[in-house]
1. Per residue, how much accessible surface does the protein assembly as shown expose to a 1.4 Å probe? Answer in Å², no decimals.
2. Reachable lysines from A:Lys141, Cα under 28 Å, same-chain residues fewer than 8 places away excluded?
3. Counting Lys and Arg as +1 and Asp and Glu as -1, each charge on the Cβ, what is the dipole of the protein assembly as shown about the Cα centre in debye, to the nearest 20?
4. Across the Cα atoms of region A:2-43, what radius of gyration and what greatest pairwise Cα-Cα distance (Dmax) are found, in Å?
5. Relative contact order for chain B: what is it in percent, counting Cα pairs under 8 Å that are at least 6 residues apart?
6. Out of region B:4-75, which GluC sites (Glu not before Pro) are coil in DSSP terms and have no more than 14 other C-beta atoms within 10 Å?
7. Considering only protein heavy atoms and a 1.4 Å probe, what is the carbon-and-sulfur percentage of the accessible area of the protein assembly as shown?
8. Cα to Cα, under 19 Å, and not fewer than 8 places away if on the same chain: which lysines meet these conditions relative to A:Lys13?
Amino acid sequence: MSSASVESVIEQKTVQPAWAGTDDPWEAFRQVEIITLELTQQYRHSLGKYSRFFIELANKQFYGTRCSNCERVYTPPRPLCPDCLHITGWTRLPGTGALMTYAVMHFASEVNDDVRRMSMPIILAYVLLDGSSTLFPHLLKADPQAVHTGMRVQVAYADAPVQHPIHLMHFVASEA
Amino acid sequence: MAERVPVVVGVGMTPFAANREDCTVRDLAVEAVLDCVRDAGLETLAAVQHGLTSYESDHFNRQMTLGAILHDTLGLNPTPNVRVEGGGATGALALRTAWAYLQSGLCDSMLVYGCETNGKRISAQTANQLFALSADVDWEMMVGGTYTAFYAAMMRAHMEKYGTQREHFAHVAVRNRRNAANNPIAQKPMDITVADVLNARPIAEPYTLLDCSLLSDGAAAMLLATREWAAQHSPRYAERPVVAFTGTGCGTDTMRLGDRYPHLTNFAGKRAAAQQAYRMAGISDPLAEIDVAELYDSYSGVEIQAVEDLGFVGEGEGGAAVVAGTFDHGGQLPVNPSGGLLGRGAPVGATGIAQAVEVVQQLWGAVNPARQVADARRGLTDTHAGIGSICVVNIFERQD
Ligand SMILES: [Zn+2]
């Protein structure tokens, strides 16, 4: 073995899978080297035609879009009504609604600092906002034992800095 | 056009495993294709007229343009290639694409091979993030959502509307892992009980760890051709029953569960895919007319939703039918004899092809007798992406 070292090498070993049996056609290729490979990407990610939703969240306002042809209201917003192929317009909603289904998550996708800061379990909620035709998916901050479908919930807005603008909001149980 | 209905010339598989660290993704594809070539009784791939590369993720495989690389590696140059991707449905969509290429007359033989490294080359956290990229990134992924949670919310709606119980889908988790014990190339056979499933660590309630399918490394291949090509080039073709690819359907649905409101319990895209495939194959009573099926059990409850959407039982009746043993080995329509995604494993680009390999081998009567379905003449595969955003149903049948 050469004295040159490779920083990324984790291990070198001989792998002999059980299924290969005694007459292994790949016998000459059983020596394996495993290295660390790191690929990272950072994007200048445009929120495109959906941007106003996120901008208004910072103003503590909740917006969906409305199709003037069929009058369906979309939350999350859709710039194009998929039923009519009409371009929609923005419409403000009160941010109150009802929980239609949910999952109690013990494991989240740690895609940003906002999620990494949370302690499990968290509740992924699908909420029918008053005035909307579709369900909005977001986290409901509540005791899982006190949650049930049909319960009234409302949008709560963040008071502290967040990393990703979707975390400018979450749901809480309605005060009323 | 009947003479162009594709027939299966050969099938090949690697064992599925959590960590095939003896292989790169291209090594896996090579193993499956070699297995397929030998199964077809071919010496080389020289007569094969077209290749089709099936894989989902550049992120998991750390390599783009696998179609070009694998044609090079397998000695297929300058044979034409096409790559197919459709999320979790990738492998089944690849076979459906081959059906169209062969029927159109663009080629008389097509080698379909799928591969993926979804196993332990990355942490479970990174794997979940990469899978979440196939959710609606700006809306579902950034709030912290996982596919387990999307499926769990859907299952909760099914439970609340139809009275489906955790014990019902735990039955699927137990049965499919037990079936895997009779499949020597399955990733994780387990002999567990319903109580084990219910008491396992919760991942996204109502789903526990044992309700969730596996992350796998692996590959699968299938050589499809016209009857004429098969008879001319494959010495094995005359030795076993002719199995034809007689039906294929595809349906789609919204990316996000919430946009399906008020229909949250089932897969509308799967329903559409099944109806197309049944029409093509002349099936009117699927429970009676299909003998074996490989269903997309990405989560245990998904199999319950699938048997309803495929029309085996009515909507809301899946849980009761599952615990009654209708879909167990020896039941009316055995499903997932291979072990399914829960027991055999799920390297994404290979999954739909592996499901078809199991069905075809069942029709040939060529699997381990312990999992062989007696007198199987017609089989179905059900495969989907996301939470049913792209659904594919393929049907194979013996024609002797
Ligand atoms: Zn409209």
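The values are calculated or read from the model by the stated rules, or taken from the named source; none is laboratory data. No experiment lies behind these values; they were computed from the predicted model shown. For neighbour counting, all protein chains shown are included, and Cβ atoms are generated from backbone atoms with ideal geometry for every residue, glycine included. Each accessible area value is taken on the protein alone, full model and side chains, heavy atoms only, with ligands, DNA and RNA left out. Shrake-Rupley method; radii C 1.70, N 1.55, O 1.52, S 1.80 Å.
1. Details: 23210 Å² over 576 residues.
With the other protein chains kept in place, the protein assembly as shown gives 40 Å² per residue.
2. Reachable lysines: A:Lys60, B:Lys161.
3. Working: 44 positive and 61 negative charges, 219 e Å.
Computed about the Cα centre, the dipole is about 1060 debye.
4. When restricted to Cα atoms, region A:2-43 yields Rg and Dmax of 15.5, 50 Å.
5. Numbers: 993 pairs, mean separation 105.1, N = 400.
Relative contact order for chain B comes out at 26 percent.
6. On the way: sites: B:Glu21, B:Glu31, B:Glu43, B:Glu56; in loops: B:Glu21, B:Glu43, B:Glu56.
Passing both the DSSP loop test and the Cβ count: B:Glu43.
7. Details: 11710 of 23210 Å².
Of the solvent-accessible surface of the protein assembly as shown, carbon and sulfur hold 50 percent.
8. B:Lys120
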